[in-house]
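Please read the structure below before turning to the comments.
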Amino acid sequence: MDIFKKFSEDKGPLGKHSSLDEDNFYMFPKLEGPIAPRMKFRGKEVLTWSLNNYLGLGNLPEVREADTKATEEWGLAYPMGARMMTGNTVQHEQFENQLADFIKKESVMLLNYGYQGIMSVIDAIAGRKDVIVYDAEAHACIMDGLRLHVGKRYVYQHNDMESLEKQLVRATKLANENGGGVLVITEGVFGMSGSMGNLKDIVALKEKFEFRLLVDDAHGFGTMGDTGAGTGEQQGVQDGIDLYFSTFAKSMASIGAFIGGDLEIIDYLKYNTRSQIFAKSLPMPLVIGNMKRLELLRTRPELKEQLWRVVNALQNGLKEKGFNIGKTQSPVTPVLLSGGWQEAANLIKDLRNNYNIFCSMIVYPVVPKDVIMLRIIPTAAHSLEDVEETIQVFEAIKDKLDKGVYKNTVIEPIVSQ
């Protein structure tokens, strides 16, 4: 059989809906214009809540200037080659030292991308004799990293310490029999629910079990903790995190990632992380541009303060109006509604076409059947007026949803008179 034949019969859980999409309305939508709370969607200005631009750095003049100057001076080609061969520079090492100082770790290694980076880190750390224990709601990049692991792995229920302890008993027994070790993987902030990983209690379990802890803090870096150093700082257990990972694609509004920890393990990763050994080094404009972003993150606390001003106004306002936003403890704001795929499609069409609000829609299989999640990402660039407008609109669409308007009705754009 032709290996490609199956693709016409089964396009996958998300791909199967592609025929229902119209000109990339739901999937692969095109937001146009400068990065800002208000952008263009299909020719209309929309209030946008779907950009991981937490601190509003994406279009700050200082950031644009740093990016432009670095590109003019270095171009996108430099440095050529992987870090181990010809792709290392003083600037790469300088940036790593700055990051290590900020997150209070001995050493940091830059990664070209977050997704492939953490996959490769997991692959480098855990061998056949080692056992991995991970949170059930771990991000897809962690799950794909686990697929590379040739040893045993155990999953514990999300943020459930009793479940984690049971799995650690099993993992410890097997690791001891094999002559291996145990690695626990969780997230600082879970990107869908917005809940924090229970890092404090996980670290406390080190008194009973021997394991190392890897934390993916992509959504916590820059947003959590007194200085923005992340969820470990927020919970007072940064020292108990053995490997701290984050990406530049969220608070830093850029590309790339890093992993931080003790010098010995980071030195090992530099020589054994395949996605870095066999890939071209992070281009110089990204290194210099990201250094500028880190500088602003460290020296302009008002950016994080404004972010949380918007977050608190939005989340408190939604709760006051009776909306279910789950157990979020972070800027990630899920609005949970009841309805099927067709209702979700009509709701989001109404939201974008007629109310000029753009946010991401999450449906099964990412969330349970008959649940519609509208995922809102507040940023420091948003205003309290944006929040007020959005809450009013959400009241209107929830009323329509409750009355069954979205069940079978074809939602058409409102034509201005």
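Bear in mind these aren't lab numbers, they're just calculated from the coordinates by the rules spelled out. Treat the numbers as computed from the prediction; the structure is a model and nothing was measured. Don't worry about glycine lacking a Cβ; one is built from the backbone with ideal geometry, like all the others, and counts go over all protein chains shown.
So here's what we get for this one:
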quantity: Cα pair distances of region 61-299 binned at 5 Å [whole percent]; calculated: 1, 7, 14, 19, 20, 16, 11, 7, 4, 2, 1, 0
quantity: Order by protection proxy (mean Cβ within 10 Å, highest first), peptides 196-203, 5-12, 304-311; calculated: 196-203, 304-311, 5-12
quantity: Environment charge at GLN94 (Cβ cut-off 13 Å; Lys +1, Arg +1, Asp -1, Glu -1); calculated: -3
quantity: P(r) histogram, all alpha-carbon pairs of region 1-69 included - 10 Å bins from 0, percent; calculated: 16, 30, 25, 17, 11, 1
quantity: Scaled radius of gyration (Cα, divided by 2.2 N^0.38 Å) that region 123-265 gives; calculated: 1.00
quantity: Cα shape, region 203-291, gyration tensor, a/c 1.5 rule; calculated: oblate
quantity: Theoretical FRET efficiency, 1/(1+(r/R0)^6), r = Cβ-Cβ of MET27 and VAL90, R0 30 Å, to 0.05; calculated: 0.10
quantity: Principal axis box of the chain, alpha-carbon based, largest edge first, Å; calculated: 70, 54, 53
quantity: Computed P(r) (all Cα pairs; region 318-415; 10 Å bins; percent); calculated: 15, 51, 30, 4
quantity: Gap separating the Cα centres of region 207-269 and region 148-164, nearest whole Å; calculated: 19
quantity: Mean separation of Cα contacts under 8 Å (6+ apart) over length of region 284-375, as relative contact order %; calculated: 22
quantity: Fraction of antiparallel bridges per DSSP, the chain only, in percent to nearest 5; calculated: 60
